[in-house]
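Please read the structure below before turning to the comments.
Every read-out reported here was derived from the displayed coordinates using simple, explicitly stated rules and does not represent laboratory data. Keep in mind the model is a prediction, meaning the values are calculated, not measured. Methodologically, a virtual Cβ is constructed for each residue, glycine included, from the backbone with ideal geometry; neighbour enumeration extends over all protein chains shown.
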Number of protein chains: 2
Amino acid sequence: MLKRMLAGLLLALCSAAALAVEQWDVYEVELKGPADGNPFVDVQLSARFSDGTQTVTVDGFYDGDGVYRVRFMPPRAGRWTWVTHSNRWPLTNKQGEFTATPPQPGNHGPVGVRHVYHFGYADGTPYRPVGTTMYSWSHRGAALEELTLKTLATSPFNKVRMLLLPQSHGVDKHPPEHWPYAGTPPKNWDFNRFNPVFFRHQEQRVAQLRNMGIEADLILHHPYDDKREWGFDTQPREVDDRYARYVVARFAAFRNVWWSLANEFDFIRTKTDEDWAHLGRLIQRLDPYGHLRSIHNGKRIYNQAEDWITHVSMQHGMAATDANRAVLFREAWRKPVVFDELKYEGAHDRRWAQLTGRQMTHAFWSVTIAGSYGGHSEFIADADNHGTVWLGQGGRLRGESPARLAFLKEILDAAPAEGLDPIDAFDDLFIAGQPGRHYLVYFGDRAPAEWWPKLYLTGLRDGQRFKAEIIDTWAMTITPVKEPLQFKPQGRYDFVAATPIKLPGKPGIALRLTALDAPAGAAARPGLDD
Amino acid sequence: MLKRMLAGLLLALCSAAALAVEQWDVYEVELKGPADGNPFVDVQLSARFSDGTQTVTVDGFYDGDGVYRVRFMPPRAGRWTWVTHSNRWPLTNKQGEFTATPPQPGNHGPVGVRHVYHFGYADGTPYRPVGTTMYSWSHRGAALEELTLKTLATSPFNKVRMLLLPQSHGVDKHPPEHWPYAGTPPKNWDFNRFNPVFFRHQEQRVAQLRNMGIEADLILHHPYDDKREWGFDTQPREVDDRYARYVVARFAAFRNVWWSLANEFDFIRTKTDEDWAHLGRLIQRLDPYGHLRSIHNGKRIYNQAEDWITHVSMQHGMAATDANRAVLFREAWRKPVVFDELKYEGAHDRRWAQLTGRQMTHAFWSVTIAGSYGGHSEFIADADNHGTVWLGQGGRLRGESPARLAFLKEILDAAPAEGLDPIDAFDDLFIAGQPGRHYLVYFGDRAPAEWWPKLYLTGLRDGQRFKAEIIDTWAMTITPVKEPLQFKPQGRYDFVAATPIKLPGKPGIALRLTALDAPAGAAARPGLDD
């Protein structure tokens, strides 16, 4: 009720005077219009926003009870004007203006692709995803959902994969409070009418994530209607398209939204690859802000080369155990690769949920060395919390890896803005960084007692000195090496230091080398054939 | 001279009576036409061939001295008629007919893609590439070229990668006898006129390979004009297109031709990806037989998802050392993957030519387990043969791997016609085969003293028996295990045998399991999530 009142106030202000909204926050226009017929299908509404230089046209949507809304995320600070267009008189040619104020600290804008393989916010701040997955966390009722948010607040995770539509698993314990379409479960749906209450609730959760600095990787379709009774994944293209339009109109103004077309797309056997490409291109066309777009696989990998795909959202546990494997996907598609599913921490009877905390941590470090990113989740029943598991319902984290992923996140945040790129994947890739400036060396399970520093020559200068730190990825310690390393060229390909670094001789050890002297100017390169 | 006389005889016969040519061999029409002006540019010539059911239109080409030819590879046995079309009176509306006779043993037709990831000849015979590379073997003069053919005759290799245009490396020792364009080296070329003598010589070599049952992976462009003086790789699109048309017109009727657009395409900095896609689609359109098309990379992998690419021609030594790496490219593109360059056997100072024979053998076995194929070459100077190296000039093989690749080829030839596919790449891929029927288990460097037989469940039946053989990939021995294995289900994912197989405890050991009982009917599968 309070929310509705505030929205009314907003409308009143809009017609009276300019409102201020922060750049990259949501500016919302509320309009009264027809409630008869089927507004979801019959009424078209859009608005054109302009700051005199840039013009952005966005679709509005029907929010029930004769209320229509248009949402806009101002991409720049300054004065914006708007005018609506509709095929209904009460909704067309409405006008207003407002001021977008400069973003406050913590508001960096939406995330996009940077440096081919990495991510950054619109304001230039690098974004290094350390994601997690809780499929149905936002469909489980207030108590559990608030607990999940509380857990996230002290977790390392800055991206959440979540299903927009409910899944049937666990529904017996936590039936969804709201449903996306008008009608009643299990299958008496009117697919021509959305249920605005459902979407408002999801928006609330997405906005809360946004305010915590967490990206919402919104999964639009999934195969987890296990009893095949709801039918959300078996609709014809017309219904799917209308759903996509409605979702984009409602959510695109949230700066933290990413579009994940599907989870395990290949397990949704009612859609073809052509259907997915159609949907991806539709969303690409509808979304005026170009939020990130991906499609997540089960066993069969989608053609990640398609141009509507901004980054690779990969399920591949086997590839994520070794940088030498993981790096090949990056090479194959030349896009950022996020191993959103690299198996889960847990002791489930299914082999996709049997990672130890150490194995999960190792996988994250492995994909990091591959110049890619990892995604966490866990399948460990929380006995004190009705047996919930984080992967399905959120709630509380029980695993050993999150603390280590928080530690890794600190390492990532201290890396160069350009990201960590593989250094020399010719034989055995175990070093990432930026040539001549910053190196992260990861020994994985090898547990050496010492390492004779050897780096691929690109960017290095004869005599260049580096600070070295020994990192224990499990114990979460960083121990400086007393003496700086000094590098000299050796042979055709390498630079070496004269003395070895003593290491603890246990698994999960890494080294960080930071240049104390400027790198070589023009990168020295061997011949074409390497 | 004899060849010219025979061609004349052919022409006379054509106009007089039907000639017989074997299905999938080259049927050639020779016509006299204008020699003035520039026939390469001015004259268009094509012919339509029909057997009453199928119609194939092919381009003709100018072969110098007022002689024009049209070549046709009859795709079916039976009576074919033809009629020419040209923008010159003497060449148009010529007609003839001939009989295509059934193919003789050894003639299986052209190779195409089969079972998504594998290859087969047009007559249904499986084709398992065991390729090698001799870039300039056909530009080195009769003595060396004949020696190379003699070497190939007793080698395991059934595919040869070769540069159609000469490379400058080694030219001081073996200058090309002929040049592709009219003019004189190094750069006085008339790019509007081809040199037919050059192309006739290459055709002769391609035909000799064909007659030996060897596929010719013809590389159309390369970056090896080291001194950048000839300029064959710096021509505008118009010249490249004319070259492509001329090459297709001359070579497409040879059933053993594959089109490799480039070697190390990314080192040819004068062309864009768009140029390559244009060229690939042009060849796809021009070639009426659909010969295999690929593009080979240096450091940067081309977008192998493009639809004109029939199979992946990969340079990637690192990926080829482990089936768990190699299989990822197959998964990425769902096309056959041939690791045409997985580094070379040799002891060169460049690290791309430092594989031992054992390492080369291991790489071939690794990519085999990945359901992919390998490509051999060696960089070992042949001191008794003017220091030639097989990679560059052909000549003689000096390495230790070819014998082992011949042994591997026997294993491949004994595998199911559907090819060897990875069996369960969920954790650690070391088994390939066809579920329930045939398994090839490769232990690589692990050197176990025994193996407890365990197979992923798909296709297996409770109580099913298998014959086992121990394969030493280096010693080239196959030792039968006396007792058959009998498999029973264990746990959620596997079938196991009750007793271990004793193994030699050295590297490079494989096992072959062949079903003695029929496999399970419908493949038993675990749930969606595996």
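Before moving on, here are some points about what is shown:
- Beta bridges per DSSP, both residues in chain A: antiparallel share near 70 percent.
- With a cut-off of 11 Å between beta carbons, the residues surrounding B:Pro504 carry a summed charge of 0, where Lys and Arg count +1 and Asp and Glu -1.
- By the equivalent-ellipsoid construction on the alpha carbon gyration tensor, region A:94-174 comes out with semi-axes of 30, 20, 14 Å, ordered largest to smallest.
- Here the label points at A:Val116 and B:Asn38, each 7 Å from Cα along the C-beta direction, are separated by 3.8 nm in the simple model.
- Hypothetical label at A:Asp517: residues of region A:454-471 whose amide nitrogen lies under 18 Å (7 Å Cα-Cβ projection): A:454-468
- Volume in Å³ per residue [convex hull over Cα atoms, computed for region B:352-432]: 106
- Protection-proxy order for peptides B:155-168, B:339-352, each taking the mean of Cβ atoms within 10 Å per residue, highest first: B:155-168, B:339-352
- Applying the Kirkwood pairwise sum to the alpha-carbon positions of region A:157-216 produces a hydrodynamic radius of 12.9 angstrom.
- Rotationally averaged projected area of region A:454-513 (alpha carbon convex hull; nm²): 4.4
- Dipole in debye (nearest 20) - region B:113-413, about Cα centre, beta carbon charges: Lys, Arg +1; Asp, Glu -1: 300
- Each of A:Thr368, B:Thr473 has some number of other Cβ atoms within 10 Å of its Cβ, and from fewest to most they run B:Thr473, A:Thr368.
- Alpha carbon centroid spacing (whole Å) that separates region A:381-430 from region A:141-164: 15
- Model label sites at A:Ala20 and A:Arg48, defined 7 Å from Cα along the beta-carbon direction, differ in position by 2.9 nm.
- Pairwise Cα inverse-distance average, inverted: Kirkwood Rh of chain A (Å): 24.8
- Taking every DSSP beta bridge that has both ends in the protein assembly as shown, the antiparallel portion is near 70%.
- Beta bridge orientation in region B:113-413: antiparallel %, DSSP, nearest 5: 25
- With label points defined 7 Å past Cα in the direction of Cβ, position B:Pro507 shows copy-to-copy spacings of 2.2 nm, given to one decimal and shortest first.
- Packing, as the average of other Cβ atoms within 10 Å across residues, places the peptides B:127-136, A:375-384, B:222-231 in the order B:127-136, A:375-384, B:222-231, highest first.
- Computed from the alpha carbon atoms alone, the convex hull of region B:113-413 holds 121 Å³ per residue.
- Phi angles across region B:419-424 convert, under the Karplus curve 6.51 cos²θ - 1.76 cosθ + 1.60 with θ = phi - 60°, into 3J(HN,Hα) values of x, 9, 10, x, 9, 6 Hz, Gly and Pro given as x.
- Student exercise, region B:346-457 dipole from Lys, Arg, Asp, Glu Cβ charges, in Debye to nearest 20: 180
- Distance distribution P(r), region A:384-530, all Cα-Cα pairs, bin width 10 angstrom from 0: 10, 36, 30, 13, 7, 3, 0 percent.
- Binned Cα-Cα distance frequencies in region A:242-296 - 5 Å width, integer %: 4, 19, 32, 24, 14, 6, 1
- Inter-copy spacing of A:Ala20 label points, which lie 7 Å from Cα along Cα→Cβ, given in nm from shortest upward: 9.6
- Other copies of B:Thr154: label-to-label distances in nm, shortest first, labels 7 Å along the beta-carbon direction: 7.7
- Alpha-carbon Rg/Rh ratio, for region B:126-248, with Rh computed the Kirkwood way: 0.97
- The equivalent ellipsoid of the protein assembly as shown has semi-axes of 54, 37, 31 Å, largest first, where each one is the square root of 5 times an eigenvalue of the Cα gyration tensor.
- Karplus-derived 3J(HN,Hα) values for region A:64-76, using 6.51 cos²θ - 1.76 cosθ + 1.60 with θ = phi - 60°, are x, 6, x, 9, 10, 9, 10, 10, 9, 10, x, x, 9 Hz; glycine and proline are entered as x.
- Translational diffusion coefficient (Stokes-Einstein; Kirkwood radius from C-alpha pairs) of region B:265-401 at 20 °C, 1.002 mPa s, in µm²/s: 133
- Test item: B:324-334 mean partner chain Cβ contacts at 10 Å: 6
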